[in-house]
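A quick write-up on the structure given underneath.
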Amino acid sequence: MKKLMLLVVLLTALSACKKDVKTTDTDTTSPPLTPTNTLSIKFENYAGTTPLILNTVDYVNQHSDTFKVSLFNYYISNIQLTATDSFVYSETYSYHLIKASDFNSLEFSLPNVPLKNFKAISFMIGVDSLHNVSGAQSGALEPLNGMFWDWNSGYIMSKFEGTSPQSPLLGHTLLYHQGGFSGPDNVIKTVNLNFPNNATVTTAISPKVILKADLLEWFKTPNIVNFSTLTTIHMPGTDAKLIADNYADMFSVTQVQN
């Protein structure tokens, strides 16, 4: 009888061990990872058909006013790519400060982009309302970048500074700082652009999308700007909204490199 009981115990233990091994094998099986790559975006600043050069070159706006540019900054945020199969890629924590004076700011890469054919891009000019009221932040949103007024007014979405003989101010200065993220004077603009050819992301190809930003668009359509009467914008309001309405269409895709 004792031998029979011992045999039963041994068989039960062996059965339990087999079940444990099977369960362990199943739990440690990992799903396959989805392959991704990067897609880079490069911004090229122009004034009409002429590359933008700070401090030295004279440009002419729609009102026939002559001007030089000393500073040209703008925020690009909430970037999305649309694929030919309608899949939408959204960059995580998508905030970039483009500065004409900083070559390194003009190009960056989007990480973890799925292997697809992308046909279009969308983004905001400016910083969304949530991050205007989120307190001190880092990276592109660091207040020390000089694109923040105070904790009530929020971010300066875009900034142009220069000089014009037509400006009546001391030193013939021009200063346009656009901000405001709510109400009728909200200056945040959403841009939607189609690609001239697909940006094809593969394991071997990291495409580059080249975007042109045209500063002359700030001063025309729908509002022609006269530098003798509009010289300074330094707070949210109708003037900032006027300029933002103009530059909503300042971007175009000039090339997609695969």
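The values are calculated or read from the model by the stated rules, or taken from the named source; none is laboratory data. Please read all numbers here as calculations on a predicted model, not as lab measurements. Every residue, glycine among them, receives a Cβ derived from its backbone with ideal geometry; neighbour counts consider all protein chains shown.
Taking the range 126-176 as the search range and keeping residues that are part of a helix (DSSP H, G or I) and touching a helix residue (DSSP H, G or I) at 6+ places or on another chain (Cβ under 7 Å), which one is surrounded by the most Cβ atoms within 10 Å (Cβ to Cβ)? Can you show your working first?
First, pick out the residues of the range 126-176 that are part of a helix (DSSP H, G or I): 129-132, 139-141, 143-145, 170-172.
Now restrict to residues that are touching a helix residue (DSSP H, G or I) at 6+ places or on another chain (Cβ under 7 Å): 131, 141.
Numbers: His131: 19, Leu141: 21.
Here the answer is Leu141.
Restricting to the range 214-258, and then to whatever is assigned to a strand (DSSP E or B) and either at pLDDT below 95 or farther than 30 Å from Asn117 by Cα (or both), can you tell me which residue is farthest from the chain's Cα centre (by Cα)? Even if it seems obvious, please write down each step before you answer.
Looking only at the range 214-258, we keep the residues that are assigned to a strand (DSSP E or B), and these are 214, 232-233, 251-257.
Of the ones still in play, those that are also either at pLDDT below 95 or farther than 30 Å from Asn117 by Cα (or both) are 232-233.
On the way: Thr232: 26, Ile233: 24 Å.
Among them, the one singled out is Thr232.
Keeping to the range 175-208, report how many residues are farther than 27 Å from Thr254 by Cβ and touching a residue at least 24 places away in the same chain (Cβ under 8 Å). Walk me through how you get there before you give the answer.
If we filter the range 175-208 for residues that are farther than 27 Å from Thr254 by Cβ, which is where we start, we get 175, 177, 179-186.
If we keep only those that are touching a residue at least 24 places away in the same chain (Cβ under 8 Å) too, we end up with 175, 177, 179-182, 184-186.
Residues meeting the conditions: 9.
Right, Ser122: touching a residue at least 24 places away in the same chain (Cβ under 8 Å), of a type outside the set (Lys, Arg), closer than 28 Å to Tyr59 by Cα and surrounded by 15 or more Cβ atoms within 10 Å (Cβ to Cβ) or not? Step through it out loud before you land on a result.
Working: touching a residue at least 24 places away in the same chain (Cβ under 8 Å): yes; of a type outside the set (Lys, Arg): yes; closer than 28 Å to Tyr59 by Cα: no; surrounded by 15 or more Cβ atoms within 10 Å (Cβ to Cβ): yes.
Here the answer is no, as Ser122 does not meet what is asked.
Output the number of the condition that Asn78 fails; it satisfies all remaining conditions of (1) among the polar types (S, T, N, Q); (2) surrounded by fewer than 17 Cβ atoms within 10 Å (Cβ to Cβ); (3) on the phi > 0 side of the Ramachandran plot.
Of (1) among the polar types (S, T, N, Q); (2) surrounded by fewer than 17 Cβ atoms within 10 Å (Cβ to Cβ); (3) on the phi > 0 side of the Ramachandran plot, only one is false for Asn78: (2).
Does the range 214-230 hold any residues that are in contact with a strand residue (DSSP E or B) (Cβ under 6 Å, 6 or more places away or on another chain) and of a type in the set (A, V, I, L, M), and which are they?
The answer is Leu215, Leu216.
Among the residues of the range 204-213, write down those that are in contact with a strand residue (DSSP E or B) (Cβ under 6 Å, 6 or more places away or on another chain), under 22 Å from Pro35 (Cβ atoms) and either among the β-branched types (Val, Ile, Thr) or in a loop (DSSP other than H, G, I, E, B) (or both). Before you say what the answer is, go through the steps one by one.
First pass over the range 204-213, keeping only residues in contact with a strand residue (DSSP E or B) (Cβ under 6 Å, 6 or more places away or on another chain): 206-213.
Subsequent filtering for residues that are under 22 Å from Pro35 (Cβ atoms) retains 206-209.
Within the range 204-213, Ser206, Pro207, Val209 qualify.
Tell me which residues, restricted to the range 92-125, are of a type in the set (Val, Ile, Thr) and either part of a loop (DSSP other than H, G, I, E, B) or more than 12 Å from Tyr75 (Cα to Cα) (or both). Lay out the reasoning, then the answer.
Our first condition is that a residue be of a type in the set (Val, Ile, Thr); within the range 92-125, this holds for 92, 98, 113, 121, 125.
Listed by number, the residues that qualify are Thr92, Val113, Ile121.
Is it fair to say Tyr93 is over 20 Å from Lys208 (Cβ atoms), loosely packed, with under 15 Cβ neighbours inside 10 Å and touching a helix residue (DSSP H, G or I) at 6+ places or on another chain (Cβ under 9 Å)?
Details: over 20 Å from Lys208 (Cβ atoms): yes; loosely packed, with under 15 Cβ neighbours inside 10 Å: yes; touching a helix residue (DSSP H, G or I) at 6+ places or on another chain (Cβ under 9 Å): yes.
Yes; evaluated as a whole, the condition is true for this residue.
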